[in-house]
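The values are calculated or read from the model by the stated rules, or taken from the named source; none is laboratory data. What you are looking at is a predicted structure, and each value in this text was computed from that prediction instead of being measured. Every residue, glycine among them, receives a Cβ derived from its backbone with ideal geometry; neighbour counts consider all protein chains shown.
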Amino acid sequence: MRWKASDRSVEVVGRQERKRLATRKSIFDSAIHLFREKGYQATTVEEIAAKADVAKATFFKHFPKKYELIEEMIKQRRDKIELAAVDEQVGQLAIREQIRYLMIVLCQSIETDRALAIIALNEYLCSGEMLKDESPMIELFHQTLERGKRGGELRQDIPTRVVARMLWSYYLESYIAWSRDEQGQSLESMILEGVEVIFRGIEDAGA
């Protein structure tokens with residue numbers, strides 16, 4: 001079988017893309033290691049590039065700003081939640097249980113690495129990003145609640161987007177409280193308590 005020029009082109013592009021992704025991952029992993037070791041503010045781009053064995057220009061090619069490493073951490077966490085949200089088995093649960101499950105996945109991704117989770121939280125709050133755009137998580141909660149409303153599990157008079165914002169706000173407030181109290185309640189238990197309180201007010205008692 002003879003190779004066509006287009007086949008070789010696809011192979012080259014595929015190899016280049018794998019190399020690009022491997023370099024990006026190496027930079028990200030190196031940064032995470034240094035953040036744990038020294039903290040975000042004390043870690044320089046030069047140190048990250050040196051640890052990843054790439055030029056400083058290569059670092060900026062993948063991450064134009066150092067803060068984009070924090071954004072990548074947040075994105076990876078969000079990707080896990082979005083993947084859980086489309087899981088068929090999760091979709092068969094009652095809406096209350098779906099929201100609980102999404103919160104559990106979110107909490108587990110945070111509590112497995114407390115030091116890094118606190119770094120990400122602090123830099124996210126300091127960046128002002130939360131003031132610029134509404135979190136995609138609010139839309140995810142909103143869509144989930146809307147399904148519950150259409151299915152008769154939730155009261156028909158509730159504004160689901162407002163409730164979605166309440167869930168997200170409670171999550172952030174709990175995350176902040178958890179970050180300040182190392183010996184206190186787990187983040188998961190804190191958030192699930194809040195979810196229960198919110199659902200007592202929005203579930204259809206006759207459902």
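Contact map, segment 17-36: first residue farther than 15 Å from Ala55 by Cα, second residue surrounded by fewer than 14 Cβ atoms within 10 Å (Cβ to Cβ) and of a type in the set (Gly, Ala, Ser), Cβ cut-off under 6 Å, separation 6 or more or different chains; pairs are Arg36/Ala115.
Table: residues versus (1) modelled with pLDDT under 95; (2) in the same structural domain as Val90 (by TED's automatic domain parsing); (3) within 18 Å of Val90 (Cα to Cα).
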| site | (1), (2), (3) |
| --- | --- |
| Phe141 | no, yes, yes |
| Pro159 | no, yes, no |
| Val162 | no, yes, no |
| Glu182 | yes, yes, no |
| Arg200 | yes, yes, no |
| Ala207 | yes, yes, no |
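Just to verify a result, which residue in segment 46-57, among those that are in a helix (DSSP H, G or I) and over 23 Å from the mean Cα position of the chain (by Cα), is surrounded by the most Cβ atoms within 10 Å (Cβ to Cβ)? Once the filter is applied, the top-ranked residue is Ala52.
Okay, residues lined up against (1) within 22 Å of Arg161 (Cα to Cα); (2) under 14 Å from the mean Cα position of the chain (by Cα):
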{"residue": "Leu69", "(1), (2)": "no, yes"}
{"residue": "Val90", "(1), (2)": "yes, no"}
{"residue": "Ala94", "(1), (2)": "yes, no"}
{"residue": "Ile104", "(1), (2)": "yes, yes"}
{"residue": "Ser127", "(1), (2)": "no, no"}
{"residue": "Met137", "(1), (2)": "yes, yes"}
{"residue": "Arg147", "(1), (2)": "yes, no"}
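Restricting attention to segment 58-78 and to residues that are more than 30 Å from Ile138 (Cβ to Cβ) and not aromatic (Phe, Trp, Tyr), the residue that is surrounded by the most Cβ atoms within 10 Å (Cβ to Cβ) turns out to be Thr58.
Looking only at residues of segment 148-195 that are acidic (Asp, Glu) and free of Cβ contacts under 8 Å to residues at least 60 places away in the same chain, we find that the one that is farthest from Leu131 (Cα to Cα) is Glu153.
Suppose we filter Leu93, Leu69 for residues that are assigned to a helix (DSSP H, G or I) and outside the structural domain of Phe28 (by TED's automatic domain parsing); which single one remains? Testing whether each residue is assigned to a helix (DSSP H, G or I) and outside the structural domain of Phe28 (by TED's automatic domain parsing) leaves just Leu69.
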